[in-house]
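Engineer: Here's a structure for you.
The values are calculated or read from the model by the stated rules, or taken from the named source; none is laboratory data. Owing to the predicted nature of the structure, the values given are computational and were not obtained by experimental measurement. No Cβ is skipped: glycine too gets one built from the backbone with ideal geometry, and neighbour counts run over all protein chains shown.
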Amino acid sequence: MNDELRERVEREVEKHALLNAVKHESDADVGAIMGPLMGDNPEFREHGDEIPGIAGGVVGRVNDLAYEEKRARLEELAPEELAEIEAEEEEDEHDLPDLPNAEEYDEIRMRCAPNPNGPWHVGHARMPAVIGTYRDRYDGWFCVRFDDTDPETKRPDLEAYDDILEDLDYLGFEPDATYKASDRLETYYDHARELIELGGAYTCSCSGEDFSELKNSGEACPHREKDTETVLAEFEAMIDGEYDSGEMVLRVKTDIEHKNPALRDWVAFRMIDTPHPREEASEYRCWPMLDFQSGVDDHLIGITHIIRGIDLQDSAKRQQFVYDYFDWEYPEVIHWGHVQLDDYDVKMSTSTISELIDEGKLDGWDDPRAPTLKSLRRRGIRGEAIVDAMTKLGTSTTDVDLAMSSIYANNRDLIDDETDRHFLVRDGVQLPLGGSPPDEANPPLHPNHEDRGVREIPASDAVLLEEGDLPGREERIWLKGLGCFQYTRDTLQYTGDDIDVVREGDVDVIHWVPADESVPVRMRTMDGDVSGHAEPGVADLEPDEMVQFERVGFARIDRHDEDETVVYYAHP
């Protein structure tokens, strides 16, 4: 690399380091700036092996500046980029649009209606994040209603009821009320009876295939004109369990010639032979379909605004027929697209995750490879970081992409200032120390908080370095907190050079741990487990404490086993 190019690299590194530091109000991180640096300067890529070494020195100099000095320097180098950061800081406090016609209601009432077939995956967090945020904005009300009226194809998991409420608490919300639809069967039966008496429903014993042919051709079912007494009697027989699964259904009478066949005389109740897993509901055999159950509940609970997927537009249209029979006013509806998540090999699907757990391919719902809220929580990612990322997606009707990097950036903002630093060497290579180095290294617990003190890392006869940090022959490196060493005759010889060699950009700064007093660590990551060794002080950290392993990333201390410390990797 010639001198002119090197100067340009240093200038661009400085700009990106300042952008990173000012935006997050913390020290710049070499790993965090490499992507944007290379993206803005593709011509640097052919020098990819040299640039991290140059960046280390520049980032070190940037981190030596006070925050206001960093901001002033950024204004010199990149005033437009600084203006963009300031604009983001002054952005309106609301990421979500106003609710439609909110001013017409005395109280905004919303519901989160999960199917309790397992704990929540990351995509599920969007609904409670948004309705919880709206509840707080409008001083409104929201409930959790478990839509658990399908004990067969979407069979509830008894543990999921509590799991979901724990996930909601993790996100930072407490519902104003909680319901289980399986507790409300008699309410649905009463409304079905009233609907029959209004002439809005009839019992039908057609096979699914026969009715489908009639429906698609716009022909009425032969049972459609039964008298009310017969329909009521047959519906009572359904409630009493006198029919087998598939033998009898109750249909809502709509428009048999409706342009959308999916809306023609849809099923409101059907027979299911499989007992519900909840003992309180296990005797029932006549179960409402979701559109009937949910439509009735939304009215009775007083829901003013419903948010649902764009793929469920027909639900509102089906339910409108029931609302018209009862002369009810339908709630405001917001339809949105699906959330698509990056960074995971595992599909964001409750059934898929459950199958992988049953097959032993995942350890459980909190396996770091699982795209679940339990996993993120165990990794040390705060619920607030997820909520903020979800609300920023808005309520667009198009599918939206959620980058996990946005959740990580939010979490970094929340924890960086309070998280102490430590060293972790992954799959380390051992090298002896020569010369007369200090007996102990004393790097700060946090570079921005001198009052927290320093760590005490003994400099033993040998150290462990990451393989990628091994110096070339006669090359100098700076062992962070300890000093400058030159790789000579298979030994790291202490040179006694001062920190100026780093500031001048000639020497890379790397982390290390003492070979004989380090702590064995197993770090659980999205890509599998990683073995390594940490500095001795890590053994004294409490479970659930967060740590930033310098040049590696943030992690949560999970537990201290007899032969190793287990940590869960959060993010860079």
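Engineer: Considering only residues that are surrounded by 13 or more Cβ atoms within 10 Å (Cβ to Cβ) and either more than 19 Å from residue 503 (Cα to Cα) or out of contact with any helix residue (DSSP H, G or I) (no Cβ under 7 Å at 6 or more places or on another chain) (or both), which ones fall in region 7-19? Don't jump to the end; show me each part of the working.
Structural biologist: Just the residues of region 7-19 that are surrounded by 13 or more Cβ atoms within 10 Å (Cβ to Cβ), to begin with: 8-10, 12-19.
Of everything in region 7-19, those that are surrounded by 13 or more Cβ atoms within 10 Å (Cβ to Cβ) and either more than 19 Å from residue 503 (Cα to Cα) or out of contact with any helix residue (DSSP H, G or I) (no Cβ under 7 Å at 6 or more places or on another chain) (or both) turn out to be 8, 19.
Engineer: Something else about it: Any chance you could count how many residues in region 359-390 are of a type outside the set (Phe, Trp, Tyr) and in a loop (DSSP other than H, G, I, E, B)? It would help to see each step written out before you state the result.
Structural biologist: To start, the set of residues in region 359-390 that are of a type outside the set (Phe, Trp, Tyr) comprises 359-364, 366-390.
From the residues that got through so far, the ones that are in a loop (DSSP other than H, G, I, E, B) too are 359-364, 366-371, 379-382.
Residues that pass the stated criteria total 16.
Engineer: Against the conditions (1) closer than 22 Å to residue 416 by Cβ; (2) free of Cβ contacts under 8 Å to residues at least 60 places away in the same chain, where does residue 44 fall short? Just the number, please.
Structural biologist: Unmet condition: (1).
Engineer: Would you point out the residue of region 259-276, among those that are touching a Lys or Arg at 6+ places or on another chain (Cβ under 8 Å) and assigned to a strand (DSSP E or B), that is nearest to residue 194 (Cα to Cα)?
Structural biologist: Filtering region 259-276 for residues that are touching a Lys or Arg at 6+ places or on another chain (Cβ under 8 Å) and assigned to a strand (DSSP E or B), the one nearest to residue 194 (Cα to Cα) comes out as 268.
Engineer: Output the residue which, of all residues in region 95-138 that are of a type in the set (Gly, Ala, Ser) and in a helix (DSSP H, G or I), is farthest from residue 309 (Cα to Cα).
Structural biologist: Step one: list which residues in region 95-138 are of a type in the set (Gly, Ala, Ser), which gives 102, 113, 118, 123, 125, 129, 132.
Remaining after also requiring in a helix (DSSP H, G or I): 102, 123, 125, 129, 132.
On the way: 102: 20, 123: 12, 125: 14, 129: 15, 132: 17 Å.
The extreme case among them is 102.
Engineer: Restrict the check to region 209-217 and report whether at least one residue is under 23 Å from residue 326 (Cα atoms), hydrophobic (A, V, I, L, M, F, W, C), surrounded by 14 or more Cβ atoms within 10 Å (Cβ to Cβ) and outside the structural domain of residue 374 (by TED's automatic domain parsing). Show your work before the answer.
Structural biologist: Residues of region 209-217 that are under 23 Å from residue 326 (Cα atoms), as a first pass: none.
No: region 209-217 contains no residue that is under 23 Å from residue 326 (Cα atoms), hydrophobic (A, V, I, L, M, F, W, C), surrounded by 14 or more Cβ atoms within 10 Å (Cβ to Cβ) and outside the structural domain of residue 374 (by TED's automatic domain parsing).
Quick grid of which residues meet (1) over 30 Å from residue 399 (Cβ atoms); (2) modelled with pLDDT of 95 or more; (3) surrounded by fewer than 19 Cβ atoms within 10 Å (Cβ to Cβ); (4) assigned by TED's automatic domain parsing to the domain that holds residue 190:
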position: 228; (1), (2), (3), (4): yes, yes, yes, yes
position: 232; (1), (2), (3), (4): yes, yes, yes, yes
position: 250; (1), (2), (3), (4): yes, yes, no, yes
position: 283; (1), (2), (3), (4): yes, yes, yes, yes
position: 302; (1), (2), (3), (4): yes, yes, yes, no
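Listed here are the residues, each with its yes/no results for (1) crowded, with 16+ Cβ neighbours inside 10 Å; (2) assigned by TED's automatic domain parsing to the domain that holds residue 549; (3) in a helix (DSSP H, G or I); (4) among the aromatic types (Phe, Trp, Tyr).
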| site | (1), (2), (3), (4) |
| --- | --- |
| 21 | yes, no, yes, no |
| 38 | yes, no, yes, no |
| 45 | no, no, yes, no |
| 49 | no, no, no, no |
| 56 | yes, no, yes, no |
| 71 | yes, no, yes, no |
| 74 | yes, no, yes, no |
| 81 | yes, no, yes, no |
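Engineer: Same structure again: Among the listed residues 153, 149, 133, which satisfies the condition of being crowded, with 22+ Cβ neighbours inside 10 Å and of a type in the set (Ser, Thr, Tyr)? Reasoning before the result, please.
Structural biologist: Values: 153 fails: crowded, with 22+ Cβ neighbours inside 10 Å; 133 fails: crowded, with 22+ Cβ neighbours inside 10 Å.
149 is the lone residue from the list that is crowded, with 22+ Cβ neighbours inside 10 Å and of a type in the set (Ser, Thr, Tyr).
Engineer: Just to be sure before I move on: is residue 566 among the aliphatic types (A, V, I, L, M) and crowded, with 20+ Cβ neighbours inside 10 Å in the structure I sent?
Structural biologist: Working: among the aliphatic types (A, V, I, L, M): yes; crowded, with 20+ Cβ neighbours inside 10 Å: no.
No, not satisfied.
Engineer: Inside region 153-258, counting only strands (runs of 3 or more DSSP E) that do not spill past its ends, which hold 1 or more residues that are closer than 26 Å to residue 280 by Cβ and without any contact (Cβ under 8 Å) to a residue 60 or more places away in the chain?
Structural biologist: Values: elements: 177-180, 201-204, 249-252.
In region 153-258, 177-180, 249-252 are the strands (runs of 3 or more DSSP E) which contain 1 or more residues that are closer than 26 Å to residue 280 by Cβ and without any contact (Cβ under 8 Å) to a residue 60 or more places away in the chain.
Engineer: Would you be able to say whether some residue in region 457-464 is touching a residue at least 24 places away in the same chain (Cβ under 8 Å), over 24 Å from residue 419 (Cα atoms) and touching a helix residue (DSSP H, G or I) at 6+ places or on another chain (Cβ under 8 Å)?
Structural biologist: Within region 457-464 (the criterion being touching a residue at least 24 places away in the same chain (Cβ under 8 Å), over 24 Å from residue 419 (Cα atoms) and touching a helix residue (DSSP H, G or I) at 6+ places or on another chain (Cβ under 8 Å)), the answer is no, since none of the residues qualifies.
Engineer: Determine which single condition residue 442 fails, assuming it passes every other condition in (1) over 42 Å from the mean Cα position of the chain (by Cα); (2) free of Cβ contacts under 8 Å to residues at least 40 places away in the same chain.
Structural biologist: (1)
Engineer: Take the residues in region 236-280 that are among the β-branched types (Val, Ile, Thr) and touching a strand residue (DSSP E or B) at 6+ places or on another chain (Cβ under 9 Å); name whichever of them is nearest to residue 207 (Cα to Cα). Spell out how you get there, then give the answer.
Structural biologist: Filtering region 236-280 for residues among the β-branched types (Val, Ile, Thr) gives 239, 249, 252, 254, 256, 267, 272, 274.
Filter again for touching a strand residue (DSSP E or B) at 6+ places or on another chain (Cβ under 9 Å), leaving 239, 249, 252, 267, 272.
Values: 239: 20, 249: 10, 252: 16, 267: 12, 272: 15 Å.
Looking at residues that are among the β-branched types (Val, Ile, Thr) and touching a strand residue (DSSP E or B) at 6+ places or on another chain (Cβ under 9 Å), I get 249.
Engineer: Next up: Which one of these does residue 393 not meet: (1) at pLDDT 95 or above; (2) surrounded by fewer than 20 Cβ atoms within 10 Å (Cβ to Cβ); (3) part of a loop (DSSP other than H, G, I, E, B)?
Structural biologist: (1)
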